[in-house]
Amino acid sequence: MPRTTSGTRRLFRWIGNGLLLVMLVWTLVPFYWMIATSLKADREIYGFEATLVPHHPTLAAYVRLFQQTPFLKYVRNSTIIAVSTTAVSLVFGCLGAYALARLRFRGRRLIARGLVFTYLVPPSLLFIPLFAMMSALSLADTHQGLILAYLGFTVPFCTWLLMGYFRSVPLELEEAALVDGCTRLGALIRVVLPMSLPALAVVAFFSFTQAWNEFLYANVFVNSVEVRTITTGLTMFIIEDVFFWGPMMGAAFLSALPPLVVYLIFQRWVVKGLTLGAVKG
């Protein structure tokens, strides 16, 4: 019987490792394809000499990307919008989650459920009324307009996620801080937030990646090159039926690096936050 159990465990371990290997290859192949294509010469991309591996690697696509396109403007715009959206989402999410988790007032449950319903509404149903509002308020084609639009789906999620974490913080610690002279805001900043760093990391990572990768709102609300983000800037490499694959793949690879770097920096907190979120709240 012990031998059978040991063999079964070994079989499941091999199956699990095989599935992980498949998922790893599934994840890395797009990155390899972007890098390989961006390093190929035009004749290897468009001609009969198309190959999986660049035979004569060249940086011509990156030189063209930085010297002949406004790629750096797209990076600047995406950075401004993503960082601003993340910061504002954290502020409003923390304040809203703390109020819903700790304060007692009429309509609290209705507001909490409304947050979930708001987050579940597809963006494709909202961009037309949002565009009308942006035009009426002169916010179309501006950074501020995109940031406000992105807050519509980042703040509800952040608030809902942080509610569960704030409820897990012992109430006695806040009461002790209030007895020592802290205000509600002081208790939030000095007691609750330091104990919720994994949740804050998850919220920040989610807000940043959503704002960085969003395409629909950025494509509808922005027209000028001065405000265009990376996701919509990639479409500039398609002119009628001509696809400039080298610069496009180089831009796509570079645009995928910031979320990856952010995740690697906060990996420990993000993994811990997602794990705790599965059993708390």
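Some observations on this one:
- The listed residue being under 30 Å from Leu28 (Cβ atoms) and not aliphatic (A, V, I, L, M), out of Pro247, Pro194: Pro247
- Residue check for Leu200: free of Cβ contacts under 8 Å to residues at least 24 places away in the same chain, over 21 Å from Leu126 (Cβ atoms), among the aliphatic types (A, V, I, L, M) and surrounded by 14 or more Cβ atoms within 10 Å (Cβ to Cβ): no
- Every pair of residues 6+ apart whose Cβ atoms lie under 7 Å, when the first sits in the range 237-248 and is part of a strand (DSSP E or B) while the second is of a type in the set (Ser, Thr, Tyr): none
- Test result for Phe48, more than 25 Å from Asp241 (Cβ to Cβ) and either surrounded by 16 or more Cβ atoms within 10 Å (Cβ to Cβ) or at pLDDT below 90 (or both): no
- Residue among Arg228, Arg190 that alone is free of Cβ contacts under 8 Å to residues at least 40 places away in the same chain, of a type in the set (Lys, Arg) and assigned by TED's automatic domain parsing to the domain that holds Thr85: Arg190
- Selection within the range 162-188 - surrounded by 14 or more Cβ atoms within 10 Å (Cβ to Cβ) and β-branched (Val, Ile, Thr): Val169
- Every residue from the range 133-179 that is over 26 Å from the mean Cα position of the chain (by Cα) and of a type in the set (Gly, Ala, Ser): Ser135, Ala136, Ser138, Ala176, Ala177
- Ala177 vs. criteria in contact with a helix residue (DSSP H, G or I) (Cβ under 8 Å, 6 or more places away or on another chain), of a type in the set (A, V, I, L, M) and within 30 Å of Phe66 (Cβ to Cβ): no
- Residues within the range 205-220 that are buried (at least 22 other Cβ atoms within 10 Å of the Cβ) and either touching a Leu at 6+ places or on another chain (Cβ under 7 Å) or part of a helix (DSSP H, G or I) (or both), tallied: 6
Yes/no per residue for (1) over 28 Å from Tyr217 (Cα atoms); (2) out of contact with any Phe, Trp or Tyr (no Cβ under 8 Å at 6 or more places or on another chain):
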position: Pro54; (1), (2): yes, yes
position: Lys73; (1), (2): no, yes
position: Thr86; (1), (2): no, no
position: Arg109; (1), (2): yes, yes
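- Any hit, the range 5-24, residues being touching a helix residue (DSSP H, G or I) at 6+ places or on another chain (Cβ under 6 Å), surrounded by 10 or more Cβ atoms within 10 Å (Cβ to Cβ) and at negative phi: no
- The range 138-150 residues that are without any contact (Cβ under 8 Å) to a residue 40 or more places away in the chain, paired with ones that are outside any helix (DSSP H, G or I) (beta carbon under 8 Å, 6 or more apart): Leu148/Leu139
The values are calculated or read from the model by the stated rules, or taken from the named source; none is laboratory data. Quick caveat, the model's predicted, so the values are computed rather than measured. Heads up, the Cβs are rebuilt from the backbone with ideal geometry, glycines too, and the neighbour counts pull from every protein chain shown.
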